[in-house]
């Protein structure tokens, strides 16, 4: 089952969950993008478990790992 992901545009600070109001930040999760060494970096509210995508992506350099 695919989890619902909400896209958020961060204006200044993204610390409070817009879904439940939790005020102490988020957990992180990474989702691989295709077959590349790139991942989408998403945030999960530890209170309501809602997943947010703020547009961050990371590329893993496997030669230095």
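Laboratory data are not the source of any read-out in this text; all were calculated from the coordinates shown. Treat the numbers as computed from the prediction; the structure is a model and nothing was measured. All Cβ positions, even for glycine, are placed from backbone atoms using ideal geometry, and neighbour counts span all protein chains on display.
Pick out, from the chain, the strands (runs of 3 or more DSSP E) lying fully within it that include 1 or more residues that are more than 14 Å from the chain's Cα centre (by Cα). Filter on the chain gives 51-59.
Taking the criterion of being over 14 Å from residue 56 (Cα atoms) and either surrounded by 10 or more Cβ atoms within 10 Å (Cβ to Cβ) or touching a strand residue (DSSP E or B) at 6+ places or on another chain (Cβ under 8 Å) (or both), the residues of segment 1-14 that qualify are 3, 4.
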